[in-house]
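Written out below as structure tokens is the structure these notes cover.
None of the figures in this text is laboratory data; all of them are computed from the coordinates on show. These figures come from a predicted structure and were not determined experimentally. We place every Cβ from the backbone using ideal geometry, glycine too, and count neighbours over all the protein chains shown.
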Amino acid sequence: MSDIHSCFRGPFASYDKWLGFLSNKPGFKLENFPFSKEDFETYQTTLSCNWFTYEVGDVTVDGYLIYPTAAKTPLPTVIYNRGGNTTYGRVNVGRMMHDLMPLAAEGFAVIGSQYRWSGKRLKPADFVADGTEDQYGGIDVEDVLALVPIIKSLDIADSSRIGVYGSSRGGMQSYLFAKKYPDIKAMAIVAGLSDVFSFRDRSEKSRFLLSKLIPDFAENEEAALKARSAIYWADQLPKVPVLLIHAKDDERVTYANAVQMSERFTQYGIPFQFKTFDTGGHDLTGHKEEKDKALTDWFKKHL
């Protein structure tokens, strides 16, 4: 780890500075801002939140670490795998406050990777599959695996109690990670992708994106997508408990992804719990408190 610095600096040094920063963004509406000043200041005073960089081969990758400042002993540790691709979906302070700080505040160290990326926003037509950019479940899985030695080096993290939390594309990433590093205690997959064919078939744009991200896609499409789709190799996953959370009306990652994985878990004797919502869409709108409680209870039970 290097270039370590606090998340709460610059425009995020205070709640008022954050709002001032956002007010200059096109389309920002204060009435839609989901975070209170009280929540921000509570997290700022009780959590240690840091950005850092780390090396994966010849590539420098961005990461982040959040944990309770008052912790005196090593904490159960959750690796978070984000959704999106390249710079889209990149974890920011807002995402941390929404999804990660509530978990860290319950007594966990939360660590994650932004995955390798170009360092600037590129149009899909400009992607170059040379190993330095996101391959959507290819070499970028190494970026998640490289967090393990970092966890083992941290006094605040208990490397014998590692859990994995994946959201959207991060579900795929979590399954790929768990297949290569089975020494974990539990997983939680929220609106997670387990069948990349379903993402490909969502739209021409999705297929085009995959064709640019995945090396040799044109010559190796079916094999490449199967290699990224856990429904085809769920028998290779560690038999650790998995929490599935998914809304039936999710139009971005279809509900069938979770249903199919629950069927595979049953088939291969992998313990799981399946929490569904009739509505809420991909972001589980209206169900944040239920989702947060389910995640916290799950990792407290199994880590």
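From Cα coordinates alone, what are the radius of gyration and Dmax values for the chain in angstrom?
My reading of the Cα-based Rg and Dmax gives 18.6, 54 Å.
How long, wide and thick is the stretch 258-303, going by the Cα atoms along their three principal axes, in whole angstroms, largest first?
Result for the stretch 258-303: principal-axis Cα extents of 33, 25, 11 Å.
Nearest 0.05, what FRET efficiency do GLN236 and THR42 give at R0 = 45 Å with Cβ-Cβ as r?
According to the calculation, E is roughly 0.60.
Given N residues in the stretch 1-149, what is Rg(Cα) / (2.2 N^0.38 Å)?
Relative to the rule-of-thumb radius for its length, the stretch 1-149 sits at 1.11.
Using DSSP to call loops (not H, G, I, E or B), can you name the trypsin sites (Lys or Arg not before Pro) in the stretch 50-99 whose Cβ has at most 12 other Cβ atoms within 10 angstrom?
LYS72
Sticking with the crude label model, points 7 Å out along Cα→Cβ, report the distance from ASP3 to LYS179 in nm, one decimal please.
With each label point 7 Å from Cα toward Cβ, the separation is 3.1 nm.
For GLU221 and GLU289, calculate 0.36 nm times their separation in residues minus their Cα-Cα distance, and state this gained length in nm to one decimal.
Computed gain between GLU221 and GLU289 is 20.6 nm.
Evaluate the Kirkwood expression for the hydrodynamic radius of the stretch 167-227, namely the inverse of the mean inverse distance over all pairs of different C-alpha atoms, and round to one decimal in Å.
12.6 Å
Using a simple spin-label model with points 7 Å from Cα along the Cα→Cβ vector, what separation in nm is obtained for ARG207 and LEU19?
Once both label points are built, they end up 4.8 nm from each other.
Take the alpha carbon atoms of the stretch 136-273, find their radius of gyration, then divide it by 2.2 N^0.38 Å using N residues; give the quotient.
1.06
Based on the mean of other beta carbon atoms within 10 Å per residue, what is the order of 150-160, 237-247, 185-195, most packed first?
The most tightly packed comes first, giving 185-195, 237-247, 150-160.
Could you check the spin-label model distance between GLU31 and GLU55? Points 7 Å from the Cα along Cα→Cβ, value in nm.
Roughly 5.3 nm, to one decimal.
Any chance you could check the Cα centroid distance between the stretch 207-266 and the stretch 134-180 for me, in angstrom?
17 Å
Taking every DSSP beta bridge with both residues inside the chain, roughly what % is antiparallel (nearest 5)?
Given both bridge residues lie in the chain, the antiparallel proportion sits at roughly 40 percent.
Relative contact order of the stretch 1-74: what whole-number percent is it, with Cα pairs under 8 angstrom and at least 6 residues apart?
RCO, the stretch 1-74: 34 percent.
Could you pull out the GluC sites (Glu not before Pro) across the stretch 194-301 that fall in loop regions by DSSP (anything but H, G, I, E, B) with no more than 12 other Cβ atoms inside 10 Å?
The qualifying sites are GLU251.
Considering amide H positions built from the backbone, and no H for Pro or chain starts, which residues 5 or more places from LEU75, or on another chain, come under 5 Å of its amide H?
Distant-sequence amide H within range of LEU75: ALA157, ASP158.
Give me, ordered by chain and number, the residues 5 or more places off LEU243 or on other chains with an amide H under 5 Å from its own placed amide H.
MET187, ALA188, ILE189, GLN273
Return the calculated 222 nm mean residue ellipticity for the chain, to the nearest 500 deg cm²/dmol, obtained by summing -39500 (n - 2.57) across DSSP H runs with n ≥ 4 and dividing by the residue count.
-9500 deg cm²/dmol
Kindly write out, for the stretch 63-69 in residue order, the coupling ³J(HN,Hα) from the Karplus curve 6.51 cos²θ - 1.76 cosθ + 1.60 (θ = phi - 60°), rounded to whole Hz, with x marking Gly and Pro.
x, 8, 9, 10, 7, x, 4
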